[in-house]
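In what follows, a single structure is set out as structure tokens and then discussed.
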Amino acid sequence: MTTPLPSASPPIEDYALIGDMQTAALVSRDGSIDWLCLPRFDSAAAFARLLGTDQHGFWRLAPATGGDTAPNRRRYLGETLIVDCEWETATGTVRVRDFMPPRKGHAPQVIRIVECLDGTVEMLSTLSPRFGYGRQLPWITETGGRTTAVSGPDALWLDTAVPGQEKDGALHHRFTVETGDCVAFALTWRPSEALVAPEVPDTEAALALTMAFWEQWVAQLAYKGRHREPVVRSLITLKALTHAPTGGIVAAPTASLPEDFGGVRNWDYRFVWLRDAAVTLSALLRTGYREEAVAWRRWLLRTLGGDPHNLQIMYRLDGRRDIPERELAWLPGYANSRPVRIGNGAVDQLQLDVPGEVIEMLVLAHEAGVARCENTESLILALVDYVRQHWNEPDDGIWEVRGGRRHFTHSKIMCWVAVDRAVRLVEQGVLDGDLDALVDLREQIHTDVCQHAYDPSRNTFTQSYGSQELDASLLMLPQTGFLPADDPRVVGTIDAIRRELAPDGTLVHRYPTDHHRVGMDGLPGDEGAFLLCSFRLVEALALTGRLDEAEALFERLLTLRSDLGLLAEEYDGATGRHMGNFPQAYSMLGLVNAAVLLQELKGATVPAMAA
């Protein structure tokens with residue numbers, strides 16, 4: 001059960017993503033930039049209309065007589081992060097091209113280029129920045145033909161050839177373009193205390209640089225399957241969520257987009273979760289991208305330092321540990337979903353699956369030859385020792401529930417993964433560890449899980465020890481090696497999850513929720529289907545020998561993408577709406593990994609069929 005979406009809140013899936021691998025902006029179908037944090041993903045937003053109203057900051061650029069309507073056509077320019085919107089008006093056709101050039105020693109920039117394709121079109125640009133998540137009205141002035149908007153530590157510089165007028169804390173440009181005309185707007189952020197003004201951007205050169213960057217990056221793709229278009233778009237999105245200076249990867253570029261319209265399940269995802277980043281890198285490595293794995297390993301070593309026992313589940317982009325959660329009372333929230341939260345209190349949770357995710361990623365990078373485990377031996381052994389000390393404790397689980405700690409089955413299995421991968425490395429001579437002790441610990445965890453998490457009457461593993469609930473995180477069972485993929489307990493668990501958490505056979509919910517009471521996660525209300533889990537059902541079906549079913553499900557899931565190929569965290573099957581933070585790395589990497597696995601398994605069956 002979900003709350004109807006108020007008309008004042010554009011559908012989440014109607015936003016386009018642009019970014020420079022240090023921050024990102026969301027552009028609505030009506031040509032409005034409604035979310036942009038400057039200068040980094042985790043900085044305060046200068047445009048926060050996404051979580052409020054016009055008074056909280058936006059930049060709309062569209063035909064003057066049709067700015068409230070969607071463009072007739074919208075697409076990314078080839079295999080790039082440059083988005084084109086075209087409007088056909090009564091007097092002519094116009095295109096707005098939006099992008100953020102990768103930073104090459106310059107400050108963050110948003111460039112918007114208006115081109116009249118035919119006829120004559122009157123255009124209107126309304127730039128209304130509100131720093132501090134929509135709270136601070138800037139001082140707008142003109143200096144040497146350039147417009148600045150300043151508030152506190154932040155300053156924006158707008159460069160364009162058309163004259164504008166300031167009114168009510170916003171800058172308005174009304175102008176007319178004819179066939180062949182091009183008008184560029186360039187918005188540059190600088191610290192307000194900077195003594196030197198930023199250079200006036202060369203918008204044509206910036207466009208060429210941005211196109212070349214993305215085309216060259218995509219050219220490294222190793223995936224040769226038939227789903228190239230969705231895989232490429234997903235990988236570009238994952239790359240856009242990578243913070244280039246540090247190698248950290250954010251879970252999403254947004255905060256507080258609701259998992260339940262009108263509800264309280266609103267979280268800030270603009271940080272680096274060790275788990276999310278590790279799984280994202282597995283998708284990049286499997287498709288030929290190696291530099292990102294090297295950069296993330298450097299980030300990991302810097303962040304954990306010499307004390308991996310003092311592990312957090314998430315960090316800031318630069319590795320800082322402080323991520324206090326607070327509420328922004330002045331913002332009404334997307335679709336009236338309150339509270340609006342920034343920061344994330346889950347930073348203090350115990351999630352025992354994280355060491356396993358990290359070690360699995362390090363082993364994958366080792367096997368790919370890009371980041372040898374010999375160079376991270378002390379880190380891996382320290383993480384395994386952390387598991388040894390804590391695996392038998394209750395934790396908060398992969399889904400960061402706020403309803404109290406439990407002995408979550410997924411967490412225990414990932415503890416087993418951490419030890420199992422260490423055993424593999426010791427046997428290969430990569431790590432210098434006590435093999436007998438590691439094997440004993442691995443067996444101890446395995447026996448404990450099989451005794452306490454398996455329900456023989458239903459032939460399924462359950463969410464936690466002694467519980468009756470199911471949990472979609474256990475769709476990972478056939479990938480972990482905890483049991484053989486054809487083990488009846490594995491197949492039974494997948495079938496039970498599909499039956500009870502995906503009643504339509506497609507959209508998988510993480511765990512049961514009850515709209516009428518506070519659930520086991522400590523929160524009221526429901527939530528949408530979790531898209532990563534739906535893609536993991538594809539993988540689980542494929543690995544348990546049901547390849548045709550897996551392929552059919554994958555094709556169905558591809559239809560849920562936005563017109564630009566993007567996915568939010570969750571999906572509401574009743575309304576067809578995306579829910580949660582957007583775009584979500586988890587969902588995009590789920591698509592990539594499922595596509596790669598299907599291609600591998602389909603290729604593996606060809607010789608057998610031919611024989």
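The values are calculated or read from the model by the stated rules, or taken from the named source; none is laboratory data. The shown structure was predicted, so the numbers you read here are calculated from the model rather than taken from an experiment. Using ideal geometry, Cβ is built from the backbone for each residue, glycine included, and neighbour counts are taken over all protein chains shown.
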Which condition breaks for P456 when tested against (1) surrounded by fewer than 15 Cβ atoms within 10 Å (Cβ to Cβ); (2) on the phi > 0 side of the Ramachandran plot? (2)
A329: passes all of (1) out of contact with any strand residue (DSSP E or B) (no Cβ under 8 Å at 6 or more places or on another chain); (2) within 25 Å of W391 (Cα to Cα); (3) surrounded by fewer than 17 Cβ atoms within 10 Å (Cβ to Cβ) but (2)
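Take the residues in the range 176-206 that are of a type in the set (D, E, K, R) and closer than 22 Å to I33 by Cα; name whichever of them is surrounded by the fewest Cβ atoms within 10 Å (Cβ to Cβ). Break it down into steps so the answer makes sense when it comes.
Quick first cut of the range 176-206, residues of a type in the set (D, E, K, R) only: 178, 181, 190, 193, 199, 202, 204.
Those still in the list that are closer than 22 Å to I33 by Cα too: 190, 202, 204.
Working: R190: 19, D202: 14, E204: 12.
Filtering the range 176-206 for residues that are of a type in the set (D, E, K, R) and closer than 22 Å to I33 by Cα, the one surrounded by the fewest Cβ atoms within 10 Å (Cβ to Cβ) comes out as E204.
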Qualifying positions in the range 23-37 - in a loop (DSSP other than H, G, I, E, B) and either assigned by TED's automatic domain parsing to the domain that holds H578 or surrounded by 24 or more Cβ atoms within 10 Å (Cβ to Cβ) (or both): T23, G31
Considering only the range 551-566, I want to know if a residue exists there that is without any contact (Cβ under 8 Å) to a residue 60 or more places away in the chain and of a type in the set (V, I, T). yes
Surrounded by fewer than 17 Cβ atoms within 10 Å (Cβ to Cβ) and assigned by TED's automatic domain parsing to the domain that holds A574: does that describe T506? no
Give me the residue from the range 43-60 that is assigned to a strand (DSSP E or B) and touching a Gly at 6+ places or on another chain (Cβ under 8 Å) and, out of that set, farthest from P138 (Cα to Cα). R60
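To keep it simple, each residue is scored yes or no on (1) over 30 Å from R316 (Cβ atoms); (2) surrounded by 24 or more Cβ atoms within 10 Å (Cβ to Cβ); (3) modelled with pLDDT of 95 or more; (4) not assigned by TED's automatic domain parsing to the domain that holds P524.
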{"site": "T2", "(1), (2), (3), (4)": "yes, no, no, yes"}
{"site": "M21", "(1), (2), (3), (4)": "no, no, yes, yes"}
{"site": "R40", "(1), (2), (3), (4)": "no, no, yes, yes"}
{"site": "R60", "(1), (2), (3), (4)": "yes, no, yes, yes"}
{"site": "G66", "(1), (2), (3), (4)": "yes, no, no, yes"}
{"site": "P71", "(1), (2), (3), (4)": "yes, no, no, yes"}
{"site": "G78", "(1), (2), (3), (4)": "yes, no, yes, yes"}
{"site": "A90", "(1), (2), (3), (4)": "yes, no, no, yes"}
{"site": "A107", "(1), (2), (3), (4)": "no, no, no, yes"}
Lone qualifier among D440, D471 - being at pLDDT 95 or above, surrounded by 19 or more Cβ atoms within 10 Å (Cβ to Cβ) and either on the phi < 0 side of the Ramachandran plot or over 26 Å from the mean Cα position of the chain (by Cα) (or both): D471
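Considering each of L379, L483 in turn, give the residue that is at pLDDT below 95, farther than 27 Å from E259 by Cα, touching a Leu at 6+ places or on another chain (Cβ under 8 Å) and not hydroxyl-bearing (S, T, Y).
Details: L483 fails: at pLDDT below 95.
Every option except L379 fails the conditions.
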Per the filter on the range 181-199, residues more than 31 Å from the chain's Cα centre (by Cα) and either at pLDDT 95 or above or part of a strand (DSSP E or B) (or both) are D181, C182, V183
Take the residues in the range 502-533 that are among the small types (G, A, S) and touching a strand residue (DSSP E or B) at 6+ places or on another chain (Cβ under 8 Å); name whichever of them is modelled with the lowest pLDDT. G528
Only one of these conditions is not met by D432: (1) over 33 Å from the mean Cα position of the chain (by Cα); (2) free of Cβ contacts under 8 Å to residues at least 24 places away in the same chain. Which number is it? (2)
Let me spell it out: the conditions are (1) modelled with pLDDT of 95 or more; (2) within 18 Å of the chain's Cα centre (by Cα), and A542 meets all of them except one. Which number is the exception? (2)
Before we move on, is K239 out of contact with any Leu (no Cβ under 7 Å at 6 or more places or on another chain) and either more than 30 Å from G134 (Cα to Cα) or in a loop (DSSP other than H, G, I, E, B) (or both)? no
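Tell me, please, whether a residue that is polar (S, T, N, Q) and buried (at least 24 other Cβ atoms within 10 Å of the Cβ) can be found in the range 217-237. Give the steps one after another, and end with the answer.
Going through the range 217-237, the residues polar (S, T, N, Q) turn out to be 220, 234, 237.
Subsequent filtering for residues that are buried (at least 24 other Cβ atoms within 10 Å of the Cβ) retains 234, 237.
Yes - at least one qualifying residue is present in the range 217-237.
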Restricting the range 201-245 to residues that are polar (S, T, N, Q) and within 22 Å of L557 (Cα to Cα), the one farthest from the chain's Cα centre (by Cα) turns out to be S234
Given the conditions (1) closer than 22 Å to L187 by Cβ; (2) in contact (Cβ under 8 Å) with a residue 60 or more places away in the chain, and given that E79 satisfies all but one, which numbered condition is not satisfied? (1)
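L209: in a helix (DSSP H, G or I) and either polar (S, T, N, Q) or crowded, with 19+ Cβ neighbours inside 10 Å (or both), yes or no?
Values: in a helix (DSSP H, G or I): yes; either polar (S, T, N, Q) or crowded, with 19+ Cβ neighbours inside 10 Å (or both): no.
Against the criterion (in a helix (DSSP H, G or I) and either polar (S, T, N, Q) or crowded, with 19+ Cβ neighbours inside 10 Å (or both)), L209 does not qualify.
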Expected single match for among the basic types (K, R), in a loop (DSSP other than H, G, I, E, B) and assigned by TED's automatic domain parsing to the domain that holds E570 among R265, R297, R302, R233 is R265
